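Structure, as structure tokens:
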Protein chains: 2
Amino acid sequence: MASIKEVARAAGVSTATVSRVLANSPHVRPALRERVLKAIKELEYRPNLIARSLRAQQTTTIGLIVSDIRNPFFTAISRAVEDTAYEEGYSLILCNTDEDPKKESIYLNVMRDANVAGVILSPTGPTAAGLRELETGFAVVVIDRSIPDADVDMVLLDNVDSAYRLTRHLLENGYQRIAAICGERSTTGRERCAGYEQALRAYGLLPTAELVRFVPPQIEAGYAAALRLLDLPEPPEALLTTNSLLAAGALEAIRERGLRIPDEIALVTFDETTWASLVQPPITLIEQPTYEIGKTATELLLQRVAEPERPTRRVILKGRLLVRGSSAPRVRCG
Amino acid sequence: MASIKEVARAAGVSTATVSRVLANSPHVRPALRERVLKAIKELEYRPNLIARSLRAQQTTTIGLIVSDIRNPFFTAISRAVEDTAYEEGYSLILCNTDEDPKKESIYLNVMRDANVAGVILSPTGPTAAGLRELETGFAVVVIDRSIPDADVDMVLLDNVDSAYRLTRHLLENGYQRIAAICGERSTTGRERCAGYEQALRAYGLLPTAELVRFVPPQIEAGYAAALRLLDLPEPPEALLTTNSLLAAGALEAIRERGLRIPDEIALVTFDETTWASLVQPPITLIEQPTYEIGKTATELLLQRVAEPERPTRRVILKGRLLVRGSSAPRVRCG
DNA sequence: GTGAAAGCGCTAACAC
DNA sequence: GTGTTAGCGCTTTCAC
């Protein structure tokens with residue numbers, strides 16, 4: 001691993017000149033530039049990023065902090081972020097926090113210690129609150145969850161409207177008694193619940209506490225919540241879940257109770273996954289533009305790295321309603 | 001962001017002493033240690049990892065280079081790797097190469113420039129060949145794909161045997177004309193194909209070229225290959241695919257042709273996924289111990305970082321056959 | 001246009 | 001035990 005010193009010696013110039021050539025500075029005589037380039041090639045020189053980072057007080061690395069990369073939503077995001085970061089010469093550090101504020105805080109510190117240029121994260125409540133004031137020392141872009149009055153770049157889905165449309169779709173297809181299983185600990189679940197309730201009211205129905213559940217956004221919790229809903233004295237005609245993990249759990253519960261979809265129970269959710277279109281009937285859902293969310297978040301982040309004082313932006317993306325068999329028009333029986 | 005210098009000044013000691021306290025060196029008088037610790041606390045000092053890395057010529061970062069994090073197998077691996085790395089104080093850099101040797105080579109260079117302690121990767125053929133000789137400058141652990149005569153740590157599935165058992169299961173359930181759709185560009189697909197052919201021979205059947213396809217390990221390729229197989233003049237009674245993406249494609253194709261599983265066509269594959277158990281009938285498959293693979297790979301890597309000259313190991317993990325509805329005993333009709 | 005040299009924050013000889 | 005100092009590899013004044 002040749003250093004800049006050796007290149008300088010080989011080319012018969014100072015390290016400053018090599019550095020200038022590396023930086024494409026115009027103030028280098030062509031002849032010298034040639035010699036330096038030749039030396040670089042011969043020695044197979046590659047600049048040491050660590051040294052560069054120490055000098056610059058910043059790395060070409062960004063962090064992605066999510067609850068669990070195995071959530072298909074975050075998997076898709078991470079791919080988009082990595083692609084976009086790579087194009088701009090940045091590397092991606094991945095962190096899983098399991099929705100644990102402590103782990104979030106620890107990872108945020110790790111990011112600071114590592115001198116990352118910035119971080120993309122989808123924080124839980126406590127961390128979000130801290131973000132409102134915190135001087136992090138690096139650029140931050142929040143995804144998936146909104147922090148109401150924080151001066152931070154965000155890329156979000158239009159949660160209320162998406163949930164509204166999803167619920168309206170059910171209502172228009174004749175479903176009335178609709179239950180919602182929502183992810184807790186994030187604004188996302190609450191916003192989607194709000195859209196669900198708005199739609200009910202718009203159609204002259206009153207939301208029932210009995211039919212709304214807030215649970216950890218995981219398969220098991222979705223399964224348990226769905227079972228309880230299905231076992232109600234007066235069970236729901238349709239189930240709405242706010243992410244794919246809850247939906248997978250709900251589907252298991254429906255299968256366990258031997259109910260037919262959509263005749264006996266409809267199921268709709270958020271987030272496209274492999275299974276949602278493979279299952280029979282396929283699941284009606286709101287598809288988030290995951291790749292665009294990740295790409296946009298990365299772009300916002302790198303723009304802020306380049307220009308720290310620019311005004312913050314809040315990008316709201318629209319979800320796409322994919323109508324499929326799990327919410328087919330209801331056939332009244334009786 | 002206080003530096004070690006400021007801590008030293010605040011505590012009335014030299015930076016060396018602070019450094020010793022940080023390193024838990026026993027050669028510091030308790031009184032001094034106390035003063036230093038107090039200063040560290042008051043200044044909220046945190047060591048700059050970049051500076052430390054420059055000095056040590058190595059970071060506490062490891063790289064994970066996979067074809068696509070969206071492949072559920074790699075998603076699961078990444079979670080295990082990140083968990084394990086985090087426990088040991090290491091961060092994880094994620095890279096997607098799309099099975100492109102050029103991107104693999106670029107990322108390997110990025111890893112070198114970043115001075116990572118080591119890299120876990122699942123290389124394509126050309127990169128694997130290079131690995132055999134390459135002086136990478138960092139520790140390397142190969143997962144998922146074997147490099148026959150390379151002196152590199154590896155964590156692998158017992159591919160031949162797993163495919164053998166999977167195929168034998170089909171044979172014992174009465175399926176005879178079994179087609180295989182295998183991932184190309186990796187030893188994994190070839191080994192699993194070999195296991196498949198061995199099982200056929202063991203049961204007195206001859207492998208037919210017509211029934212074996214090597215395609216890119218993606219949904220679309222699986223779909224196309226399955227369609228062609230199903231449209232054969234004499235179509236197969238069962239389909240074996242070597243990963244979950246190919247299986248998802250094959251399932252689509254089966255659905256498109258309106259065939260019933262398993263009556264008209266059985267389907268078995270590798271890798272447990274959400275959809276494989278949610279689909280009806282659920283899919284029989286070989287489940288890889290993904291978490292253990294990722295954890296073991298990370299442990300091997302960090303052991304090698306600690307002791308570069310230790311003899312290389314090759315850990316072979318066994319897959320678990322999960323028998324489900326998609327390969328139920330065949331009912332002969334006619 | 002080019003080079004000498006300081007310094008980013010840290011650790012490890014080496015001296016005392 | 002503790003401090004002084006060199007140096008990891010790089011960039012960037014500041015002279016010339």
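The values are calculated or read from the model by the stated rules, or taken from the named source; none is laboratory data. All figures in this text were calculated on a predicted structure; none of them were measured in a lab. For neighbour counting, all protein chains shown are included, and Cβ atoms are generated from backbone atoms with ideal geometry for every residue, glycine included.
Of all residues in segment B:293-311, which are in contact (Cβ under 8 Å) with a residue 40 or more places away in the chain and surrounded by 14 or more Cβ atoms within 10 Å (Cβ to Cβ)?
Scanning segment B:293-311 gives B:ILE293, B:GLY294, B:LYS295, B:THR296, B:ALA297, B:THR298, B:GLU299, B:LEU300, B:LEU301, B:LEU302, B:ARG304, B:VAL305.
Before we move on, is B:ALA2 near DNA strand C (Cβ under 10 Å from one of its atoms), at negative phi and in a loop (DSSP other than H, G, I, E, B)?
Yes.
On the basis of being touching a residue at least 40 places away in the same chain (Cβ under 8 Å) and either buried (at least 24 other Cβ atoms within 10 Å of the Cβ) or closer than 26 Å to B:TYR291 by Cα (or both), does B:ASP271 make the cut?
Yes; evaluated as a whole, the condition is true for this residue.
Among the listed residues B:LEU229, B:LEU267, B:LEU301, which satisfies the condition of being aliphatic (A, V, I, L, M), in the same structural domain as B:ASP149 (by TED's automatic domain parsing) and not in a loop (DSSP other than H, G, I, E, B)?
Going through B:LEU229, B:LEU267, B:LEU301 in turn, the sole match is B:LEU301.
What pairs come up if the first residue lies in segment A:23-45 and is touching a residue at least 40 places away in the same chain (Cβ under 8 Å), the second is away from DNA strand D (no atom under 11 Å from the Cβ) and part of a helix (DSSP H, G or I), and their beta carbons are under 7 Å apart, counting only those six or more places apart or on different chains?
Pairs found: A:LEU43/A:ALA10.
Restricting attention to helices (runs of 4 or more DSSP H) lying wholly within segment A:64-145, give those where 1 or more residues are facing chain B (nearest Cβ under 8 Å).
A:72-87, A:101-113
Right, B:ASP68: of a type in the set (Asp, Glu), touching a Phe, Trp or Tyr at 6+ places or on another chain (Cβ under 8 Å) and in the same structural domain as B:ALA297 (by TED's automatic domain parsing) or not?
Yes.
Report yes if some residue within segment B:314-326 is hydroxyl-bearing (Ser, Thr, Tyr) and more than 13 Å from chain A (Cβ to nearest Cβ); otherwise report no.
For segment B:314-326, residues hydroxyl-bearing (Ser, Thr, Tyr) and more than 13 Å from chain A (Cβ to nearest Cβ): absent.
So, of the residues in segment A:11-42 that are more than 10 Å from DNA strand D (Cβ to nearest atom) and of a type in the set (Lys, Arg), which turns out to be farthest from the other protein chains (Cβ to nearest Cβ)?
Step by step, filter segment A:11-42, then rank; the result is A:ARG29.
Determine, yes or no, whether B:ALA248 is surrounded by fewer than 23 Cβ atoms within 10 Å (Cβ to Cβ), without any contact (Cβ under 8 Å) to a residue 40 or more places away in the chain, over 20 Å from B:SER146 (Cα atoms) and more than 18 Å from the chain's Cα centre (by Cα).
no
Residue by residue through segment A:123-139, note down the ones that are touching a residue at least 60 places away in the same chain (Cβ under 8 Å) and either crowded, with 24+ Cβ neighbours inside 10 Å or under 13 Å from the mean Cα position of the chain (by Cα) (or both).
Across segment A:123-139, the qualifying residue is only A:THR124.
Mind counting the residues in segment B:312-334 that are surrounded by 15 or more Cβ atoms within 10 Å (Cβ to Cβ) and of a type in the set (Val, Ile, Thr)?
So the count comes out to 1.
Please return the ranges of helices (runs of 4 or more DSSP H) entirely within segment B:5-60 where 3 or more residues are within 7 Å of DNA strand C (Cβ to nearest atom).
In segment B:5-60, the matching helices (runs of 4 or more DSSP H) lie at B:15-22, B:49-56.
Has segment A:153-163 got at least one residue that is more than 23 Å from A:SER244 (Cα to Cα) and in contact with a strand residue (DSSP E or B) (Cβ under 8 Å, 6 or more places away or on another chain)?
Yes; the residues of segment A:153-163 include at least one that is more than 23 Å from A:SER244 (Cα to Cα) and in contact with a strand residue (DSSP E or B) (Cβ under 8 Å, 6 or more places away or on another chain).
Looking at segment A:54-63 only, could you name the residues that are near DNA strand D (Cβ under 6 Å from one of its atoms) and either touching a residue at least 60 places away in the same chain (Cβ under 8 Å) or over 19 Å from B:SER91 (Cα atoms) (or both)?
Passing the criteria: only A:ARG55.
What's the number of the condition B:ALA226 fails, among (1) touching a helix residue (DSSP H, G or I) at 6+ places or on another chain (Cβ under 6 Å); (2) under 17 Å from B:ALA247 (Cβ atoms); (3) modelled with pLDDT under 95?
In the conditions (1) touching a helix residue (DSSP H, G or I) at 6+ places or on another chain (Cβ under 6 Å); (2) under 17 Å from B:ALA247 (Cβ atoms); (3) modelled with pLDDT under 95, B:ALA226 misses (3) alone.
Which members of segment B:43-53 meet the condition of being more than 11 Å from DNA strand D (Cβ to nearest atom) and of a type in the set (Lys, Arg)?
Across segment B:43-53, the qualifying residue is only B:ARG46.
Step by step: first the residues of segment A:232-264, then only those that are part of a loop (DSSP other than H, G, I, E, B) and of a type in the set (Val, Ile, Thr), then the one that is nearest to B:SER277 (Cα to Cα). Which residue is that?
Residue satisfying both the conditions and the ranking: A:ILE261.
Out of everything in segment B:164-185 that is farther than 21 Å from B:PRO235 by Cα and not aromatic (Phe, Trp, Tyr), what residue ends up being farthest from the chain's Cα centre (by Cα)?
The residue in question is B:ARG165.
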